[in-house]
Number of protein chains: 2
Amino acid sequence: MERSSRFDGSDCEPRINKSPKDLNSIAILRTFQRDQDIFEHYHRCDWWYRIVSGATRKYRIRSDGRRQIADINLPGDFFGFSSSDAHASSVQAIVEGTIVACYPRAAIEALADSDPATAKLIRLGTFAAIERLEQQIFVVSTMSAPERVRAFLVHFRDRIGRSGESDLALPITRYDIADLLGLSTETVCRAFTDLRERGAISLEGPRNVTIIRP
Amino acid sequence: MERSSRFDGSDCEPRINKSPKDLNSIAILRTFQRDQDIFEHYHRCDWWYRIVSGATRKYRIRSDGRRQIADINLPGDFFGFSSSDAHASSVQAIVEGTIVACYPRAAIEALADSDPATAKLIRLGTFAAIERLEQQIFVVSTMSAPERVRAFLVHFRDRIGRSGESDLALPITRYDIADLLGLSTETVCRAFTDLRERGAISLEGPRNVTIIRP
DNA sequence: CGGGCGTTTGAAACCCCTCAAGGAAGGTGG
DNA sequence: CCACCTTCCTTGAGGGGTTTCAAACGCCCG
């Protein structure tokens, strides 16, 4: 934890605070570099997390070295929960300078027990995660490669951009998209060019996408 | 709701009960036939559910008619949550006579707010669901067909059977397995016969599997 | 006994992956 | 400022796994 700062600038150690609506007071803010681990598979989960700015990927590595990304997290998303003591995945920062609020598990669980508003916030965060994961399962197991890329773009636009806007600055590489969609990078590329040639999207550089026809 | 009975046999209408550790008192027990809907996609979610006995599948239907099963739920599992007002999937009973405890949403949310033990139970249920879904994503997007079937069998044995036992009575058809794993029934069949011919499993009829080598 | 459902096997077509190579963009050191 | 490197992106050709289409078998039940 090379850099850490507090939400409110008060005292430096995480303070167990059970008072309602005081989520920020138990948080430690940490800044992560690109590709830096926030937590790793099989490690103890003593913290819960919430993204302040930037983005993260939740992933696992297969024995053959292939990587599967299960979820992309954006500002406001909670992550790091587990029903057991160990994490089932790893999480890394995607963009440079991603800021994450870290909550000591005992403290935030105590806060959730005493403050219904906090408990509800966490509940809604987990419900949203479940819906994203179900959508993800739906995408990777029923759709063809071009359909997956198209679904990814539409879904990501809805999450990251203001509604109505069709311009989209992707924070992630083709490799990330491939590992998220269960495809190879080459197939993702071909899907992008296909969509462009069909007039469904337009590209200004590889990372700036405009969705023309959903 | 053709048949309904109470957990504890007390009065007949769902009673809003905020007292701690009183989850059962707000539950209505319902019994479902095989393939009967428990709730449907896009419908309002006014209830949360927990399986008492039997099994359910959570699924969506594509526009081309294909079905994707996102999760299989077994006794003790909570389901039916949503961060919005409408369900993102449908849920059906798989086995005849599946019994589900149904909790009015307002009542169980109020209970969760007032009773930390209930809130924790729900939290752990959702965390377990998240881990199952992540595992599911991992399986369907990185594994070959035989690997998926093998992973399904091992995972299902761990969930349904006593640990150590290798005998497994599948409550679901090849079609269900195919829609869960994102494969065609034919491919699932071929994977089963492959595993049998290699001596990894033995079959006594299509639905009774013994895992010999995981 | 016939019908329907679930299961199994076979052959051909297709989609995606792998392997290979080239191009574009950004950072670093000379 | 340019050469060089690394990383990311893109395109092409061949091979393999899965789907699709087709058909047959066993089984339960009316």
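The values are calculated or read from the model by the stated rules, or taken from the named source; none is laboratory data. Since we're looking at a predicted model, the values are computed, not measured. Reconstructed Cβ throughout: ideal geometry from the backbone, glycine too, with neighbour counts over all protein chains shown. Note: areas computed on protein heavy atoms with side chains; ligands, DNA, RNA excluded. Shrake-Rupley method; radii C 1.70, N 1.55, O 1.52, S 1.80 Å.
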*asked:* Tell me the total accessible area that A and B bury against each other, 1.4 angstrom probe, in square angstrom rounded to 100.
replied: 3800 Å²
_So if each residue of separation counts as 0.36 nm, and I subtract the Cα-Cα distance between A:Arg213 and A:Glu147, what length gain in nm does that give?_
22.5 nm
*Scan around B:Gln33 for amide H atoms under 5 Å from its own, H built in the peptide plane at 1.01 Å from N, and keep only partners 5 or more places away or cross-chain.*
B:Gly97
*How large is ³J(HN,Hα), in whole Hz, for each residue of the stretch B:29-38 in order, when computed from phi with the Karplus curve 6.51 cos²θ - 1.76 cosθ + 1.60 and θ = phi - 60°, using x for Gly and Pro?*
8, 10, 10, 10, 7, 4, 6, 7, 6, 9
*Say we join alpha carbon atoms closer than 10 Å with springs in a Gaussian network model of chain B; which of B:Tyr59, B:Tyr42, B:Tyr175 then has the biggest fluctuation?*
B:Tyr42
*Relative to the Cα centre, what is the charge dipole magnitude of the protein assembly as shown, using +1 at the beta carbon of each Lys and Arg, -1 at the beta carbon of each Asp and Glu, and rounding to the nearest 20 debye?*
500 debye
*Please find the FRET efficiency linking A:Arg196 to B:Thr185, where r is the Cβ-Cβ separation and R0 is fixed at 45 Å, and quote it to the nearest 0.05.*
0.80
_With every protein chain in place, chain A: carbon and sulfur % of accessible area (1.4 Å)_ = 49 percent
*With only Lys, Arg, Asp and Glu charged, each at its Cβ (+1 for the first two, -1 for the last two), find how big the charge dipole of the stretch B:4-132 is about the Cα centre; round to the nearest 20 debye.*
320 debye
*asked:* Please check the stretch A:70-84 for residues whose accessible area, probe 1.4 Å, is lower by 10 Å² or more when all protein chains are in place than in their chain alone.
replied: A:Ala70, A:Phe81, A:Ser82, A:Ser83
*Taking amide H positions as placed 1.01 Å from N in the peptide plane, with prolines and chain starts having none, which residues 5 or more places from B:Asp71, or on another chain, fall under 5 Å of its amide H?*
B:Lys58
*Name the most mobile residue of B:Asp71, B:Asp158, B:Asp179, meaning the one with the largest mean-square fluctuation, in a Gaussian network model of chain B with Cα contacts below 10 Å.*
B:Asp158
*For the stretch A:141-214 versus the stretch A:45-104, the gap between their alpha-carbon centres in whole angstrom*: 22 Å
*Grab the other residues whose beta carbon is less than 13 angstrom from that of A:Asn208, score K and R as +1, D and E as -1, and report the net.*
0
*What nm value, rounded to one decimal, do you get for the distance between B:Asp35 and B:Leu203 when each label is placed 7 Å out toward the C-beta?*
2.2 nm
*Between A:Ser184 and the same site in the other copies, what are the distances in nm, shortest first, taking label points 7 Å from Cα along the C-beta direction?*
2.2
*Long-range amide H contacts for B:Ile38: which residues qualify at under 5 Å (H placed 1.01 Å from N, peptide plane, sequence gap of 5 or more or a different chain)?*
B:Val91, B:Gln92, B:Ala93
*Find the all-direction average of the projected area of the Cα convex hull for the stretch A:4-139, expressing the result in square nanometres with one decimal place.*
8.4 nm²
*Residues of the protein assembly as shown: accessible area per residue with a 1.4 Å probe, Å²*: 45 Å²
*Mind giving me the nanometre distance, one decimal, between the label points for B:Ala169 and A:Lys120, set 7 Å out from Cα along Cα→Cβ?*
4.5 nm
*So, counting K/R as plus one and D/E as minus one, what does the shell of residues with Cβ under 13 Å around A:Pro171 add up to?*
+3
*Average beta-carbon neighbours from other chains, 10 Å sphere, peptide B:116-129*: 5
*Computed [θ] at 222 nm, helices only, for the protein assembly as shown once each DSSP H run of length n ≥ 4 contributes -39500 (n - 2.57)*: -11500 deg cm²/dmol
_Partner chain coverage, peptide B:138-146 - average Cβ within 10 angstrom_ = 5
